[in-house]
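Student: Let me begin by handing over the structure; questions about it come next.
The values are calculated or read from the model by the stated rules, or taken from the named source; none is laboratory data. Keep in mind that what you see is a predicted model, and the values were worked out from it rather than measured. We place every Cβ from the backbone using ideal geometry, glycine too, and count neighbours over all the protein chains shown. Keep in mind that these areas ignore ligands, DNA and RNA; they rest on the heavy atoms of the full protein, side chains included. Shrake-Rupley method; radii C 1.70, N 1.55, O 1.52, S 1.80 Å.
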Amino acid sequence: MLKLSEALYNAVRTHGEETYPNVCCGILLGRSGGGANTVVEAVRAGNTRTDSAHNRYNIAPQELVKAQREGRNKGLDIVGFYHSHPDHPAQWSQTDFAEAHWIGCSYVITAVERGSAAVTNSFLLTGTSEEDKRFENEPIVVEPS
């Protein structure tokens, strides 16, 4: 289960609208436990995929390390990542799966249709290694801000 405030949920969706027709991406900081990833902060990241920013994303390693360091200073961990699918469903693609490596993290995808955020889904990356990893549908619980 992914838990986050209404304000954070809306911030992730708005980010997708702002970058449309390109893919937005970001890092979710929070805490894991009790069968849930609880998001405390959503960190916007730059999409470094200049070759196909309309359907792919990449977060620079330096940006990832910076977010992880800042999170740890606040007692938070990376609990997930988010990105948008411009004019495509909010379902993971084979590329999304191949590039997902953080076991136990939530991968949030928002479909942005003609510039407006539509469906947002979350997928938990489970398994113990690259060989047996898999995405599982994960409920999103949006709590009042």
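Student: Counting only residues that are assigned to a loop (DSSP other than H, G, I, E, B) and crowded, with 16+ Cβ neighbours inside 10 Å, which one in segment 55-74 is farthest from the chain's Cα centre (by Cα)?
Tutor: 56
Student: Name every residue in segment 42-53 that is touching a strand residue (DSSP E or B) at 6+ places or on another chain (Cβ under 6 Å) and open to solvent by 20 Å² or more (accessible area, probe 1.4 Å), in order of residue number.
Tutor: Passing the criteria: 42, 43, 44, 47.
Per-residue answers, yes or no, for (1) charged (D, E, K, R); (2) in contact with a His (Cβ under 8 Å, 6 or more places away or on another chain); (3) modelled with pLDDT of 95 or more:
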site	(1), (2), (3)
22	no, yes, yes
30	no, no, yes
39	no, no, yes
50	no, no, no
56	yes, no, no
59	no, no, yes
68	no, no, yes
75	no, no, yes
78	no, no, yes
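Student: Applying the selection to segment 10-41, what residues are open to solvent by 30 Å² or more (accessible area, probe 1.4 Å) and within 18 Å of residue 85 (Cβ to Cβ)?
Tutor: 10, 11, 13, 14, 17, 18, 19, 20, 21, 22
Student: Collect the residues in segment 75-92 that are more than 8 Å from residue 112 (Cα to Cα), surrounded by 19 or more Cβ atoms within 10 Å (Cβ to Cβ), out of contact with any helix residue (DSSP H, G or I) (no Cβ under 7 Å at 6 or more places or on another chain) and of a type outside the set (A, V, I, L, M, F, W, C), keeping them in residue-number order.
Tutor: Correct list: 80, 83.
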